[in-house]
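Notes follow once the structure below has been shown.
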Amino acid sequence: MRVVDFPLEVPSEDGPRQLRATYFGVPGARPKVYIQAGLHADEIPGMLVAHYLRELLTDLESKGLLTGEIVLVPVANPIGLEQTLHHQLLGRYDLRSGENFNRYYPDFLDAVWQRVSESLGKDVTENVLKIRGALNDAIDQWTPGSEVQSLRKTLMRLAADADLVLDLHCDAESVMHFYTESPCWPQLKSLADYLRCRVVLLSRQAPGQSFDESLSGVWWRLADRLGTSQSSEAIAQACLSATIELRGQADVSDQQASQDALQILQFLMRFGAVQGIPEDVPEALCQATPLAGSHTLVAPSAGVVVFRADLGADVGKGQTVVRLVDPKDGVVTPVCSEVSGLFYARTRERYVQAGAELAKVAGRVAFRTGELLGA
Ligand SMILES: [Zn+2]
C-alpha cells in the first residue's frame, strides 16, 4: 500500500487542504480501478466500505494477488467534511460557492477531440492510449479558480485514466441502488447484481456534470461524434463508471459495509483486477430502468411527513405514498406517485416546507427531460 497526499492547488483561507489517495498493486498495471467515497461528505456508508476494502486489498497485496492497480480515496471531499453547523455535518454543497460537490465537473470532450480527432485509427488499443493521454493533458491544462474546483481537478486526474470508476454515495433513506450511463451498463450489470441492487437508473449524459459521467461520457460521446466512420468502431468504452448508492445516510454498520466490500471484491475478480475465482453472479433483483423514468414526489404544502408505503415497496400509479399533515388546521394532503414502480428513496425529514423532495419512485418508462438528477 502506498499513500500519497495531494495538496489542493488553490488553498482556502485556512491553508491548503490535502486529498489522500491509497494505491494498491503494481503502479501502471491494468486494469486500473479507482474507488472513492464521501464526495458528498455527509454520506458516510461508503467511507466504512472503503475502510473494509483497504483491509481486504492490503491483505491481497501482501499475498501478491492483485493483478491490476487499485486507487482508493476513502475521503474524497476534505472540504465538505469540515463543514459543520449546529453540530450537523453539511457535506453536500460547498458553503462558499453553494455548489453541489458532485456537479460541475468540466466537460473535456472538445479538448480531447482537438487533440486526437486527426490521429484516431482502427487500432482500439492505440486509440485508448491516445484518448487517455489527451484527457490527462486536458485536465492538467485546466487552471482551477477555487478550492472546490481544485478538488474536482485532483479527483478527475486520479480517476481519468481508470478502466473502472466507482463513486460510493448514499441517499437520505433508501434501498441499495446504482446510477450509470447506458453504454457502461452491459459490463457493470454483474456489479449491481453482486451488490443486490433493487434499482438501477440508466441515463445518457444526464445534465449536471456529475463526477462519474464526466469520465465515462468522454468515450461514448467521442464515438458518437465520429459518427459512422471506422474510427468510431475502434473507440472502446474504456472507462466504466457508476455511482453506487449504499442505502441511506444512517445505514452505517460493520455488517453491511464489510459485506458490500466483499461484493465489490467479487466484481474486481471478474474484472481482472484481483486474482481468484469469483462467486457466481446472483440472480438480478431488478431490471435497469431509465433515470428519466424516476418520479420525485414533491411536497405541495408544508406539513408533517407520514409515509403510507414502505421503502422498497412496489407502488402503483396514483397510489398515496406520503400524507402531509398540517398540525395547525388539521388539513391532510395526500401525495401520490405519478408512475408505477419501486419506491426506492425518501427524505429523512419528518416536517417539510412546500417544494421539498419527499420520495422517489423508479418507473419503467422515461417521461422526464431536463434536469434529471436532484439538487
Ligand atoms: Zn451523494
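Quick notes
- Checking each residue in region 58-82 for being among the charged types (D, E, K, R), in a loop (DSSP other than H, G, I, E, B) and open to solvent by less than 50 Å² (accessible area, probe 1.4 Å) picks out no residue at all.
- Condition met for S241 (within 16 Å of the ligand (Cβ to nearest atom) and in contact with a strand residue (DSSP E or B) (Cβ under 6 Å, 6 or more places away or on another chain)): yes
- Residue match in region 361-368 (condition: over 22 Å from V200 (Cα atoms) and either in contact (Cβ under 8 Å) with a residue 24 or more places away in the chain or not in a strand (DSSP E or B) (or both)): no
- The residues of region 83-110 that are crowded, with 18+ Cβ neighbours inside 10 Å and more than 16 Å from the ligand (Cβ to nearest atom), listed by number, are F108, L109.
- For region 132-146, a residue qualifies if it is over 21 Å from the mean Cα position of the chain (by Cα) and either open to solvent by less than 20 Å² (accessible area, probe 1.4 Å) or aliphatic (A, V, I, L, M) (or both), and the qualifying residues are A134, A138, P144.
- Note on region 232-252: residues that are open to solvent by 40 Å² or more (accessible area, probe 1.4 Å) and modelled with pLDDT of 95 or more amount to 5.
- Listed here are the strands (runs of 3 or more DSSP E) enclosed by region 304-351 that have at least 2 residues being open to solvent by 40 Å² or more (accessible area, probe 1.4 Å): 320-325, 332-336.
- Odd one out for V199 among (1) within 14 Å of the ligand (Cβ to nearest atom); (2) hydrophobic (A, V, I, L, M, F, W, C); (3) crowded, with 24+ Cβ neighbours inside 10 Å: (1)
- Any chance Y34 is at pLDDT 95 or above, open to solvent by 50 Å² or more (accessible area, probe 1.4 Å) and not acidic (D, E): no
Conditions (1) on the phi > 0 side of the Ramachandran plot; (2) of a type outside the set (G, A, S), marked per residue:
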{"site": "G208", "(1), (2)": "yes, no"}
{"site": "F211", "(1), (2)": "no, yes"}
{"site": "W220", "(1), (2)": "no, yes"}
{"site": "A223", "(1), (2)": "no, no"}
{"site": "Q230", "(1), (2)": "no, yes"}
{"site": "A234", "(1), (2)": "no, no"}
{"site": "Q237", "(1), (2)": "no, yes"}
{"site": "S241", "(1), (2)": "no, no"}
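- Residue under evaluation V252, criteria (1) of a type in the set (V, I, T); (2) assigned to a strand (DSSP E or B); (3) more than 24 Å from P186 (Cβ to Cβ), criterion not met: (2)
- From E181, E279, residue being among the charged types (D, E, K, R) and open to solvent by less than 10 Å² (accessible area, probe 1.4 Å): E181
- Evaluation of E13 against the conditions (1) open to solvent by 20 Å² or more (accessible area, probe 1.4 Å); (2) more than 16 Å from the ligand (Cβ to nearest atom); (3) in contact (Cβ under 8 Å) with a residue 12 or more places away in the chain shows that the sole unmet condition is (3).
- Against the conditions (1) open to solvent by 40 Å² or more (accessible area, probe 1.4 Å); (2) assigned to a helix (DSSP H, G or I); (3) in contact (Cβ under 8 Å) with a residue 40 or more places away in the chain; (4) closer than 15 Å to L222 by Cα, V128 satisfies every one except (1).
- Among the residues of region 211-252, those identified as among the polar types (S, T, N, Q) and more than 21 Å from the chain's Cα centre (by Cα) are T228, S229, Q230, S231, S232.
- Looking only at region 164-178, and only at residues there that are of a type in the set (D, E) and out of contact with any helix residue (DSSP H, G or I) (no Cβ under 7 Å at 6 or more places or on another chain), the one that is surrounded by the fewest Cβ atoms within 10 Å (Cβ to Cβ): E173
- Unique match (being more than 16 Å from the ligand (Cβ to nearest atom) and open to solvent by less than 20 Å² (accessible area, probe 1.4 Å)) among D212, D224, D193, D161: D193
The values are calculated or read from the model by the stated rules, or taken from the named source; none is laboratory data. These figures come from a predicted structure and were not determined experimentally. Here Cβ is always computed from backbone atoms with ideal geometry, including for glycine, and neighbour counts include all displayed protein chains. Protein only, heavy atoms only, side chains kept; ligands, DNA and RNA dropped before computing areas. Shrake-Rupley method; radii C 1.70, N 1.55, O 1.52, S 1.80 Å.
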